[in-house]
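Report on the following structure.
The values are calculated or read from the model by the stated rules, or taken from the named source; none is laboratory data. As the structure is a computational prediction, the values presented were derived from the model and not from experiment. Note that we place each Cβ from the backbone using ideal geometry, even for glycine, and neighbour counts take in every protein chain shown.
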């Protein structure tokens, strides 16, 4: 879908309001033309205030995208759209974020195995119209994940690799964690951190 | 699952009987210890002789694995297991292989969109036991794929990238083709060419 998107952009820029190396890699890998402007939005929302976990992810994505859009609105950057995204791992209504220690990682992996969990990305796009007004498009994408049965030996070996520490839910499907995942239902890239098909579909629809 | 597998291998080699750059990349990316010995098995099986498409993929995988296993059996290589794999794309019982021309790629993509198709990998492992006898383990892994609705503009732009030409089914989910895929059900790596979770699970079970 990249060719048609690039034609519709007509040289105006796509801004990714995220410092996540994984989101950047997904777009770079397919030669998507974009620039990174890291958001200064502080992710301090109170999770307990949201009736559904996906609303928390969308609100974070919204905060990130609008902070950047407002900041660059009157700058010299000729931009067309700002992308904000936030990815969370959810099981039984509980949001799993990045484990800070190996002990937390071990606990998360034990909790996540044995039943399905979901990965939800909130995606918010702010379009700058020709008359300089801004328009928001928001959505979320859900992917279901099923782990293999993980023995203590498998969990211990994975935790020792230190890969879990900076990953929501304590695993990275795009790296060693991919060996643990038996099956997914939904968009694979959503689990990595950016729902690529949904992003491209929304861009094509709105550009 | 890599740590436990490496421990059970105890230094004996894993041989990948495939020249596929994508299979190699999957294993290299997670630092899986393996060596490539390309199979000389000629893939000339008559597809029409197989009552189910997956049997064709398994038979190809078997041919690749055994050709290498027999060839290195009495060599100086200290090996434990040979991996043979063959990946096909199937819709309505029809096997889609690599399109040879842009016109064929266009036709395949038009046929595959609008309904689900499956990617099937036949996986055959030949283990060398301590008493030098050989033991075969065979299985197959299926992943269901749903494309977005693809307009002529999207198909044309993708075909022009030339990415489809060397890919079964005329797309690569790990590259630009990932933008076309709305949802998968199953193992993502199976679509790339090697069912990583299944491979690791069978290795752990049989080593």
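Among the residues of region B:167-192, write down those that are at pLDDT 95 or above and either at positive phi or part of a helix (DSSP H, G or I) (or both).
B:170, B:176, B:177, B:178, B:179, B:180, B:186, B:188, B:189, B:190, B:191, B:192
If you take the residues in region A:11-47 that are touching a residue at least 12 places away in the same chain (Cβ under 8 Å) and out of contact with any helix residue (DSSP H, G or I) (no Cβ under 9 Å at 6 or more places or on another chain), which one is farthest from the other protein chains (Cβ to nearest Cβ)?
A:19
For residue A:119, are the conditions met, namely being buried (at least 23 other Cβ atoms within 10 Å of the Cβ), under 16 Å from the mean Cα position of the chain (by Cα), within 13 Å of chain B (Cβ to nearest Cβ) and not in a helix (DSSP H, G or I)? Walk me through it before giving the result.
Numbers: buried (at least 23 other Cβ atoms within 10 Å of the Cβ): yes; under 16 Å from the mean Cα position of the chain (by Cα): yes; within 13 Å of chain B (Cβ to nearest Cβ): yes; not in a helix (DSSP H, G or I): yes.
Answer is yes for this residue.
Could you tell me which numbered condition residue B:105 fails, if it satisfies all but one of (1) closer than 28 Å to residue A:181 by Cα; (2) away from chain A (no Cβ under 14 Å); (3) crowded, with 17+ Cβ neighbours inside 10 Å?
(1) is the only condition that residue B:105 fails.
Of the residues in region A:44-68, how many are touching a strand residue (DSSP E or B) at 6+ places or on another chain (Cβ under 6 Å) and crowded, with 17+ Cβ neighbours inside 10 Å?
Within region A:44-68, the first condition is being touching a strand residue (DSSP E or B) at 6+ places or on another chain (Cβ under 6 Å), and the residues that meet it are A:47, A:53-54, A:57-58, A:60-62, A:64-65, A:68.
Narrowing the set further to residues that are crowded, with 17+ Cβ neighbours inside 10 Å leaves A:53-54, A:57-58, A:60-62, A:64-65, A:68.
Residues meeting the conditions: 10.
What number goes with the only condition from (1) crowded, with 18+ Cβ neighbours inside 10 Å; (2) more than 21 Å from residue B:30 (Cα to Cα); (3) within 7 Å of chain A (Cβ to nearest Cβ) that residue B:196 does not pass?
Failing condition for residue B:196: (2).
Determine which member of the set B:173, B:155 is at the interface with chain A (Cβ under 8 Å from one of its Cβ atoms), more than 30 Å from residue B:70 (Cα to Cα), buried (at least 19 other Cβ atoms within 10 Å of the Cβ) and touching a helix residue (DSSP H, G or I) at 6+ places or on another chain (Cβ under 7 Å).
B:173
Identify all residues within region A:158-170 that are at the interface with another protein chain (Cβ under 8 Å from one of its Cβ atoms) and surrounded by fewer than 23 Cβ atoms within 10 Å (Cβ to Cβ); write none if there are none.
Restricting attention to region A:158-170, the residues satisfying the condition of being at the interface with another protein chain (Cβ under 8 Å from one of its Cβ atoms) are A:158, A:160-161.
Residues satisfying the conditions are A:160, A:161.
Which of the residues spanning region A:88-99 are farther than 10 Å from residue A:169 by Cα and assigned to a strand (DSSP E or B)? Spell out how you get there, then give the answer.
At the first step, the residues of region A:88-99 found to be farther than 10 Å from residue A:169 by Cα are A:92-94.
Matches in region A:88-99: A:94 only.
Can you tell me which residue is farthest from residue A:5 (Cα to Cα) among those in region B:122-145 that are within 12 Å of chain A (Cβ to nearest Cβ) and surrounded by 16 or more Cβ atoms within 10 Å (Cβ to Cβ)? I'd like the intermediate steps shown before the answer.
Here is the first cut: in region B:122-145, the residues within 12 Å of chain A (Cβ to nearest Cβ) are B:141-145.
Adding the requirement that they be surrounded by 16 or more Cβ atoms within 10 Å (Cβ to Cβ) leaves B:141-143, B:145.
Values: B:141: 34, B:142: 32, B:143: 28, B:145: 23 Å.
Ranking the candidates gives B:141 first.
For region B:69-77, indicate whether the set of residues that are part of a helix (DSSP H, G or I), more than 14 Å from chain A (Cβ to nearest Cβ), touching a residue at least 12 places away in the same chain (Cβ under 8 Å) and surrounded by fewer than 14 Cβ atoms within 10 Å (Cβ to Cβ) is non-empty. Give the steps one after another, and end with the answer.
Of all residues in region B:69-77, those part of a helix (DSSP H, G or I) come to B:69-72.
Imposing the further condition that a residue be more than 14 Å from chain A (Cβ to nearest Cβ) reduces the set to B:69-72.
Remaining after also requiring touching a residue at least 12 places away in the same chain (Cβ under 8 Å): B:69, B:71-72.
Then keep just the ones that are surrounded by fewer than 14 Cβ atoms within 10 Å (Cβ to Cβ); that gives none.
No, region B:69-77 contains no residue that is part of a helix (DSSP H, G or I), more than 14 Å from chain A (Cβ to nearest Cβ), touching a residue at least 12 places away in the same chain (Cβ under 8 Å) and surrounded by fewer than 14 Cβ atoms within 10 Å (Cβ to Cβ).
Given the conditions (1) in a loop (DSSP other than H, G, I, E, B); (2) surrounded by 14 or more Cβ atoms within 10 Å (Cβ to Cβ); (3) at pLDDT below 95, report the number of the one that residue B:41 does not fulfil.
(3)
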